[in-house]
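The values are calculated or read from the model by the stated rules, or taken from the named source; none is laboratory data. Because the structure is a prediction, the values reported are computed rather than measured. Every residue, glycine among them, receives a Cβ derived from its backbone with ideal geometry; neighbour counts consider all protein chains shown. Ligands, DNA and RNA are stripped out before the accessible areas are found, and what is left, the full protein with its side chains, is counted by its heavy atoms. Shrake-Rupley method; radii C 1.70, N 1.55, O 1.52, S 1.80 Å.
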Amino acid sequence: MYKTVIIDDDQLARKALRRILDQNFREIVTVGEADGVATGISRINELEPDLIFLDIEMPDGTGFNLLEKIKKFNFRVVFT
């Protein structure tokens with residue numbers, strides 16, 4: 001079982017990705033979502049996911065900015 005967090009400023013994109021994962025990848029459990037860099041960092045630190053789905057462009061920065069700010073980097077990243 002893989003815990004995942006979806007980080008994307010577009011609510012419809014998060015919803016669509018969650019639906020795809022739920023319907024096709026039973027081994028992936030979405031434990032949280034975030035709508036930007038700041039909330040994404042908070043969710044990652046709080047939930048300690050195995051995998052994150054990460055948007056590149058968000059209003060408060062980029063997915064790369066988020067990754068630079070993470071101190072404990074023990075997850076895989078899929079850019080969306």
Options S42, N74, Q11, ranked by Cα towards positive dipole end of the chain, top entry (Cβ charges): N74
Cα centre as origin, Lys/Arg/Asp/Glu Cβ charges: the chain dipole, Debye: 300 debye
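Please work out the average accessible area per residue across the chain, using the 1.4 Å probe convention, and give it in Å². Don't jump to the answer; show the numbers that get you there.
Working: 4990 Å² over 80 residues.
Accessible surface, normalised per residue, equals 62 Å².
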The chain, relative contact order [Cα under 8 Å, separation at least 6], %: 34 percent
Choice from N24, N45, N65 showing the highest fluctuation, given a GNM over the chain with Cα pairs closer than 10 Å: N24
The chain: GluC sites (Glu not before Pro) in DSSP loop, at most 12 other beta carbons within 10 Å: E27
Those trypsin sites (Lys or Arg not before Pro) in region 1-43 that DSSP places in a loop and that have at most 11 other beta carbons within 10 Å: R26
Nearby aspartates and glutamates by direct alpha-carbon distance to K3 (threshold 14 angstrom, same-chain neighbours under 8 apart not counted): D22, E27, E33, E46, E48, D50
Within the chain, helix-based [θ] at 222 nm, where runs of 4 or more DSSP H residues each add -39,500 (n - 2.57), nearest 500: -12000 deg cm²/dmol
In sequence order, calculated HN-Hα J values of region 12-23 (Karplus, 6.51, -1.76, 1.60; Hz; x Gly/Pro): 5, 5, 4, 4, 5, 5, 4, 4, 4, 5, 4, 7
Simple spin-label estimate for M1 and R18 in nanometres, 7 Å along Cα-Cβ: 1.8 nm
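When Lys and Arg each count +1 and Asp and Glu each count -1, what net charge do the other residues less than 10 Å away from I7, Cβ to Cβ, add up to? List each step's numbers first, then the result.
Details: positive: R14, R43; negative: D8, D9, E33, D35, D55.
Surrounding charge for I7 is -3.
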Accessible area of the chain belonging to carbon and sulfur atoms, whole % at 1.4 Å probe: 51 percent
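I want the antiparallel fraction of DSSP beta bridges within the chain, as a percent rounded to 5. The partial results should precede the final answer.
Working: 2 of 16 bridges.
Bridges in the chain are about 10 percent antiparallel.
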Binned Cα-Cα distances of the chain, short to long, each 5 Å bin given as a whole percent: 3, 17, 31, 27, 15, 6, 1
G36 long-range amide H proximity, modeled H, under 5 Å: D8
